[in-house]
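A short reminder: the numbers here are calculations on the coordinates, not readings from a lab. Treat the numbers as computed from the prediction; the structure is a model and nothing was measured. Using ideal geometry, Cβ is built from the backbone for each residue, glycine included, and neighbour counts are taken over all protein chains shown.
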Amino acid sequence: MRPDQRKMLADLSEKLTDAVLLDADPDNWAGSGKTSAEMSQEERGDAVWCRKLAVQSLTVLGRVQHILQNERDGKPAGNEVAEPDAEIQEAEREATSLLNRVLNEAKNGKRHHAKH
């Protein structure tokens with residue numbers, strides 16, 4: 001990779017980091033501050049879309065950072081993932097699993113506090 005390409009990727013990484021910070025901020029999601037029960041069907045759909053956008057933005061950032069790290073480590077560029085859609089789907093599964101775990105913990109915590 002040429003030095004100018006490395007610089008362009010580093011600059012892109014910074015821009016993507018800014019985008020990820022905006023996309024992943026729950027205050028920027030549709031229905032912010034509402035529970036899912038308080039949201040309309042459209043708001044819930046938009047909120048899901050916002051979460052998927054955050055995961056996809058993070059995935060793109062991760063790929064760019066991976067390329068830069070490989071370049072710094074002197075690894076050949078040919079070992080990149082051939083199916084970015086599969087990587088996005090895996091990231092979405094991980095995010096869904098994490099979200100479900102957090103929601104279950106929050107629900108169990110509310111039950112625990114309600115008993116006392």
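Summary table
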| quantity | calculated |
| --- | --- |
| Among ALA91, ALA106, MET39 - extreme Cα towards positive end, dipole of the chain, charges at beta-carbon | ALA106 |
| Gain on full stretching of the segment that runs from ASP85 to ASN108 - 0.36 nm per residue minus C-alpha separation | 4.9 nm |
| Close Lys-Lys pairs in the chain, where close means Cα under 19 Å and separation is 8 or more or interchain | 7 |
| The chain - Rg and Dmax from Cα coordinates, angstrom | 18.5, 64 |
| GNM result for the chain, Cα springs below 10 Å: residue of ALA19, ALA106, ALA95 fluctuating most strongly | ALA106 |
| Among VAL102, VAL20, VAL55, residue whose mean-square fluctuation peaks in a GNM of the chain (springs only between Cα atoms under 10 Å) | VAL102 |
| Gaussian network model of the chain, springs between alpha carbon atoms under 10 Å - residue of GLY62, GLY74, GLY33 with greatest fluctuation | GLY74 |
| Per-residue [θ]222 nm for the chain (sum of -39500 (n - 2.57) over DSSP H runs n ≥ 4, rounded to 500) | -26500 deg cm²/dmol |
| Sequence of TRP49, TRP29 once ranked by neighbouring C-beta atoms within 10 Å, starting from the fewest | TRP49, TRP29 |
